[in-house]
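See below for the structure under consideration.
The values are calculated or read from the model by the stated rules, or taken from the named source; none is laboratory data. For clarity, every value in this text was computed on a predicted model and none was experimentally measured. Ideal geometry is used to build each Cβ from the backbone, glycine not excepted, and the neighbour counts take in all protein chains shown. SASA here: full protein model, heavy atoms, side chains in, ligands and nucleic acids out. Shrake-Rupley method; radii C 1.70, N 1.55, O 1.52, S 1.80 Å.
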Amino acid sequence: MKISIRQLHKQFSGVSALTDVNLEIADGELFFLLGPSGCGKTTLLRCLAGFEKPSSGTIFLGDEEVTEKPAHMRNTAMVFQGYALWPHLTVFENVSFGLEMKKIPRQERETAVRRALQRVQIEDLAQRKPNALSGGQQQRVALARTLAVEPGCLLLDEPLANLDAKLRRDMRLEIRRLCKESGLTGIYVTHDRQEALSMADRIAVMQNGRVCQVGTPVEIYRQPVNRFVAAFIGESNFLPGKIEALDGSSALISTPVGEFRGTRCPPSLKCGAAVTLSLRPEVFQSGIASENTISVTLQHIDYLGELASMISRCTDASTLQFYDLNPKGSWKTGETHQLHVSPEDVVILPAE
């Protein structure tokens, strides 16, 4: 099921929760709404589900406009953060509940429930009550309940927030597998960037009720459109700068710690423009190169096993973070080192 959201606005008591949201989501796409608390992502999901009515704008599910339709008349199913399982019903009965509300015949209903339980691999738990299940098992029941009604669109509101780190990683793979095997269009709300980067086909990053950027995980991470997106999607160092020279999309930028060349300057930025450079900690390499080389003094080292996070001081007294992957313990605080960055890893953003 493809989804179209056009010029959507939502206000609560005169306060804008959503402003001019326009999105096109392809059939079978796993699409993420990513942003901090209060940015409007859950409000947008509830508008899609029919639990909230937009102040203006339109929503299409497939070719049908559903803006005014109530939730039970939309071909959607929602997985809530709290699972919303009936504690007095068995797993089988919980999964069957939506089908009973649709008055599906008993034999057909039982077949659909068994099929849904098999797809989430908990058919052996059918007669248990929710309080006898782990968090991960309860999440699978909630997923099975939505799959049983065979929706065209699956809406997920931070479904993994109550699970521990290992279960979250396992369930990421499981949810993506289920969506792809079922051909479902999935809209997934989260504030967890790792969930979004590891699972999504595309991501919409939201701030203050607006969509800042839409793109694939690689596009969002490597080509953010502004400082907010760059900071929210991952760790980054930000340096103020000025464009000194342009050669097509290649730009030479002066900063307080030295000159940097970047190969992907936005066409809207002209020579002499003030900019902000975003440099991810993992892009720094040890040693001197022909360009983009800076000198830093180590101040603090966080050893994290697979990497060490280095906090260092630059020549202008500002701080800079960089990573050493597969660290051997050879770095020492107080040492001065030369670091360099490839021009393709220099992200040039408009100054704010």
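General remarks:
- Within region 123-144, residues that are farther than 15 Å from A112 by Cα and touching a residue at least 40 places away in the same chain (Cβ under 8 Å) sit with their Cβ atoms under 9 Å from residues that are open to solvent by 50 Å² or more (accessible area, probe 1.4 Å) and in a helix (DSSP H, G or I), at 6+ positions apart or across chains, in these pairs: P130/Q137; Q139/L167.
- Summed over region 299-319, residues that are modelled with pLDDT of 95 or more and on the phi > 0 side of the Ramachandran plot total 0.
- Of all residues in region 252-269, those being closer than 11 Å to V346 by Cα and assigned to a loop (DSSP other than H, G, I, E, B) number 3.
- Taking the criterion of being within 20 Å of P70 (Cα to Cα) and either of a type in the set (S, T, Y) or without any contact (Cβ under 8 Å) to a residue 40 or more places away in the chain (or both), the residues of region 19-43 that qualify are T42, T43.
- Test for I294: is it in contact with an Asp or Glu (Cβ under 9 Å, 6 or more places away or on another chain), of a type in the set (A, V, I, L, M) and in a strand (DSSP E or B): no
- Screening region 122-221 for strands (runs of 3 or more DSSP E) wholly inside it with 3 or more residues that are touching a strand residue (DSSP E or B) at 6+ places or on another chain (Cβ under 8 Å) and among the aliphatic types (A, V, I, L, M) returns the ranges 153-157, 202-207.
- Filter result for T293 (of a type in the set (S, T, N, Q), surrounded by 13 or more Cβ atoms within 10 Å (Cβ to Cβ) and over 31 Å from the mean Cα position of the chain (by Cα)): yes
- Residue within region 53-70 that is under 21 Å from L156 (Cα atoms) and in a helix (DSSP H, G or I) present: no
- Selection over region 320-330 of residues that are at pLDDT below 95 and either closer than 23 Å to L277 by Cβ or open to solvent by 40 Å² or more (accessible area, probe 1.4 Å) (or both) gives a count of 6.
- Of the criteria (1) at pLDDT below 90; (2) in a helix (DSSP H, G or I), which one A231 fails: (1)
- Some residue of region 242-251 being open to solvent by 50 Å² or more (accessible area, probe 1.4 Å), part of a loop (DSSP other than H, G, I, E, B) and over 29 Å from L34 (Cβ atoms): yes
- Test set (1) under 27 Å from M310 (Cβ atoms); (2) over 11 Å from the mean Cα position of the chain (by Cα); (3) surrounded by 15 or more Cβ atoms within 10 Å (Cβ to Cβ) - Y221 fails condition number: (2)
- Residue check, P343 open to solvent by less than 60 Å² (accessible area, probe 1.4 Å) and in contact (Cβ under 8 Å) with a residue 60 or more places away in the chain: yes
- Residue selected from region 161-203 under the condition under 19 Å from K2 (Cβ atoms) and of a type in the set (S, T, Y), by the criterion most open to solvent (accessible area, probe 1.4 Å): S182
- Here G209, G215 are screened, and the one residue that is more than 22 Å from K2 (Cα to Cα), surrounded by 16 or more Cβ atoms within 10 Å (Cβ to Cβ) and at pLDDT 95 or above is G209.
- Considering residues of region 1-24 that are hydroxyl-bearing (S, T, Y), in a strand (DSSP E or B) and more than 14 Å from T58 (Cβ to Cβ) only, the residue most open to solvent (accessible area, probe 1.4 Å): S16
- The set of residues in region 171-199 that are polar (S, T, N, Q) and within 20 Å of G215 (Cα to Cα) comprises T185, T190, Q194, S198.
- Single match in L89, L117, L99 (criterion: in a loop (DSSP other than H, G, I, E, B), in contact (Cβ under 8 Å) with a residue 12 or more places away in the chain, of a type in the set (A, V, I, L, M, F, W, C) and surrounded by 14 or more Cβ atoms within 10 Å (Cβ to Cβ)): L89
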